[in-house]
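Only one structure is covered here, and it is reproduced in the block below.
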Amino acid sequence: MKKEHLPTKICPVCNRPFAWRKKWEKNWENVKYCSKRCASSKQKNTNDRP
């Protein structure tokens, strides 16, 4: 399968599109962030709010 045919999502932290990866094959529905950095950044930002 070519990269342009892979499903994509938008990361809620950095607002960039990211494509499906083989390691996410069984868990694609639950993937929300493009990277571990964005996932940890999201958690930090939610704790900073009053």
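The values are calculated or read from the model by the stated rules, or taken from the named source; none is laboratory data. Fair warning: this is a prediction, and the values are worked out from it, not measured in the lab. Here Cβ is always computed from backbone atoms with ideal geometry, including for glycine, and neighbour counts include all displayed protein chains. Heavy atoms of the whole protein, side chains included, go into the accessibility calculation; ligands, DNA and RNA do not. Shrake-Rupley method; radii C 1.70, N 1.55, O 1.52, S 1.80 Å.
Observations, loosely collected:
- So K42, is it out of contact with any strand residue (DSSP E or B) (no Cβ under 8 Å at 6 or more places or on another chain), in a loop (DSSP other than H, G, I, E, B) and either open to solvent by less than 90 Å² (accessible area, probe 1.4 Å) or modelled with pLDDT of 90 or more (or both): no
- Taking residues in region 14-39 that are farther than 20 Å from K3 by Cβ and open to solvent by 90 Å² or more (accessible area, probe 1.4 Å), and partners anywhere that are modelled with pLDDT under 95 and assigned to a helix (DSSP H, G or I), the pairs with Cβ atoms closer than 8 Å and at least 6 places apart or on different chains are K32/A39.
- Among the residues of region 1-13, those that are touching a residue at least 12 places away in the same chain (Cβ under 8 Å) and not in a helix (DSSP H, G or I) comprise L6, P7, T8, K9, C11, P12, V13.
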